1. If you check VAL80, VAL50, VAL18, which single one turns out to be out of contact with any helix residue (DSSP H, G or I) (no Cβ under 8 Å at 6 or more places or on another chain) and surrounded by 14 or more Cβ atoms within 10 Å (Cβ to Cβ)?
2. Residues that are crowded, with 17+ Cβ neighbours inside 10 Å and hydroxyl-bearing (Ser, Thr, Tyr): does segment 746-754 have at least one?
3. Select from segment 191-216 the residues that are buried (at least 18 other Cβ atoms within 10 Å of the Cβ) and under 34 Å from the mean Cα position of the chain (by Cα) and list them in ascending order.
4. Quick check on segment 314-324. Is at least one of its residues free of Cβ contacts under 8 Å to residues at least 60 places away in the same chain, in contact with a Lys or Arg (Cβ under 7 Å, 6 or more places away or on another chain), closer than 30 Å to THR661 by Cα and not basic (Lys, Arg)?
5. Which condition number does PRO441 fail, the rest of (1) touching a Leu at 6+ places or on another chain (Cβ under 8 Å); (2) not in a loop (DSSP other than H, G, I, E, B) being met?
6. If you check SER385, SER378, which single one turns out to be in a helix (DSSP H, G or I) and within 20 Å of ASP695 (Cβ to Cβ)?
7. So, of the residues in segment 666-680 that are crowded, with 17+ Cβ neighbours inside 10 Å and either over 19 Å from the mean Cα position of the chain (by Cα) or of a type in the set (Val, Ile, Thr) (or both), which turns out to be farthest from TRP367 (Cα to Cα)?
8. Quick check on my filter: what residues within segment 484-543 are of a type in the set (A, V, I, L, M), buried (at least 18 other Cβ atoms within 10 Å of the Cβ) and within 28 Å of THR671 (Cα to Cα)?
Amino acid sequence: MVEPKRVGGEGPLDAKIVIIGEAPGEHEERLGRPFVGPAGTLLNKVLAEVGIDRTQCYVTNVVKVRPPANKIPRLGEIGVDLSTCEEELHEELSPLKPNVIVLLGNTALTALTGNTRIHDWRGSILKYIGCNPPKASAMHSTRKVIPTLHPAALLRNMSDLPLFQADLQKVKVESESPGFENIMEREYITAPTFEVVMDYLEELMSNDQPIGLDIETDMGANIIYCVGLASSVTSAIVIPFYTTGPYWSESQEVAIWQKLREVLCLSSVKKVIQNEHFEKTVLEPWIGTISPVWMDTMVAFHILHPEFKKALKLQTSLYTNEPFYKDDAKNANYEATALWKYNGQDCCVMLEIAFKLEAELRELNLWEFFYEFQMPFSHIMWEASHKGILVNQQRVKELRDKVKADTAELTEELNTLLGYEINVNSPKQIADLVYNKLKLPKRISRTTGNLTTNEEALVKLYQKHPVPALQIILKLRQLKKMTSTYLKKSWDEDGRIHPSWRTTAAVTGRIGCSKNIRKTGLPLMGMPKDKRENIRDIIVADPGHSLVAPDLSQVEARIVAYLSEDPRMIKVFEDGDDIHAMVASWLYKKPMSECGKGTIERNRAKACVHAGNYDIGKNKFAFIADIPAKDAEWLLMQYKTIFNIKQWHEQVIAQLRKNRTLITPLGRRRTFYGWWGDDLFRTAYAHVPQSTAVDHLNMGAVSIARQLPREAQILMQVHDELVIQCKDENVKLVSEICTTTLLKPITIKGRELIIPVNVEIGKNWKDMKEVK
């Protein structure tokens, strides 16, 4: 066996910063120095950006030789033991006296702290005593360590680069001293007496600063274990309610809940919550609706950093010096005292985060966008979840019975046609039928590169090869999806669906809809509306009420027309003409009268508009439009050239080149991370139109909600549509409020865009009639 080349550490022995990686790679092995390859180049760049001089750092790796294929688990193949490498590292560090040690990646994290999961621990200020397991004798004093991501991992996922930058900025600050003085001391009052609880709550009622609120429950949110409240970033009380049984006497618990109601519903007490929908839902039966919520940190963080996950642990790593603690209660098997401390930490930490989020929002001129729009909209959608939507259970049963009968009939028909039984839900059996027995052209998944029999592939095959068996298979799959997703019992005891509306679901500001904490509810966003599968009549208005649904007309296409400043597109919209017929007319050199609805030219032009606006590739467009790739390429080139789309795309790239940040006409801001190139550009092209469209609708929803009659309420927001319930006698009034509000113009590049609004009304969500 050839002796592997050893790559030792380098840098001044009196360095204030020590940087520890995993192991040498190809470049390091060749040059005999740590971090001199692509990962080292990225490391050097970010160090310089935050003001750290690498030449003044001591840089090394846990493992001093290159593992086979750069895989640590394969060290044994070259006779190297990881634990031995860790022991050698402790000896290497022993004479050094840094103020802070940087751990790059999981291998270094585990070697010095024993922890795993670098994404949890990155950004934490931890203690290192000298060996693993720690022994105080190994070094004279405790050293600070800050784990962060390995730059090699960032090269595979550049969207995490801002986290790496934030961690190294923290390293820069911590390198100024060896102490832990930047970790805030906090006091948690746990297991308080009844008198202490009541006094603390009384004091909160006169608190002129925001307070932090957090609760801990069982998995189904059926039992409230404790309620935590922070009066400041350093002080919180945790009120237990249940351990092995009720914590208080009945009279004491009643008094505490009454006092909590006074505090949490008092308008002068500002509340800070992480994910307000959860706390509001769980506490509502006990205290009513929490009001006002000054800040939902999840919503605020989403506005500032839409690319990132919204978890409190990530916010904690970016906005505080609190070490990672989210596993503490779990590791203690949720023992009461551990759970109480965890609850108190959440309260104080989220309050600290809230103040820093406020400062950042104000600095970026986003405070009004957040406080006047996003927070009220979040509350509107919580109210929609809380109210719920009435379900016609008899209609659900009828549809379920019909689907069952249709499934049996179609299954028998398919088996008779084929001469054998087949499982339409088995990709293997369907692939064998389609590609081997029927000899149809093979469809390859663009994602996996393998043969596919998904719905999209079968639809395209059936369009060109109308084989009866394919039609039956598609119908059977649609029926199964309808039953499993939309026709199962999804309502609560009150007969209503209470979905969870998530206002932080997408980077564009689009919302999401899913099951609630009780695992009931429906993903209403995806409920079919086309004639073949439309089952929206299971959603009905309350007796004596109607549904009013304003819908924005071709909103994204209109926004693109104004962003691209194309005079022909703007004119066709302002004149009320058909944009797709007009585009078809230009592309195919035909009069608009020959490119109306139902024509091949218009259908292809419609697909081309969407594909061209967002720079969808020729192959995907060809697949969507069912045309040869050569024709798709020509159509896209013509569309982008004729209609200023290419020029608009160039403007977007130019703006990204300045600071990678786009700001929509309505004020939403997004910074684009990731590798510079076409994928990033496509995401950017789509962002401003999509974000502007959804914010226009949702800002309208906030305004509409303030004008609605008392009993009327927004119940759904689905794509470009709101669904409002009101009394029958108020239908006309509500329709007018919606139209007037949503016709408010959007200023785009100095022009005012007014988006037409179509309003429909009905007793159920399917049989809606347009208001003329």
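1. Only one candidate qualifies: VAL80.
2. No; the residues of segment 746-754 include none that is crowded, with 17+ Cβ neighbours inside 10 Å and hydroxyl-bearing (Ser, Thr, Tyr).
3. LEU204, PRO210, ILE211, GLY212, LEU213, ASP214, ILE215, GLU216
4. Scanning segment 314-324 turns up at least one residue that is free of Cβ contacts under 8 Å to residues at least 60 places away in the same chain, in contact with a Lys or Arg (Cβ under 7 Å, 6 or more places away or on another chain), closer than 30 Å to THR661 by Cα and not basic (Lys, Arg).
5. It is condition (2) that PRO441 fails.
6. From the options SER385, SER378, the qualifying one is SER378.
7. LEU666
8. VAL507, ILE511 - these are the residues of segment 484-543 that are of a type in the set (A, V, I, L, M), buried (at least 18 other Cβ atoms within 10 Å of the Cβ) and within 28 Å of THR671 (Cα to Cα).
The values are calculated or read from the model by the stated rules, or taken from the named source; none is laboratory data. Predicted, not measured: the structure shown is a model, and the values here were computed from it. We place every Cβ from the backbone using ideal geometry, glycine too, and count neighbours over all the protein chains shown.
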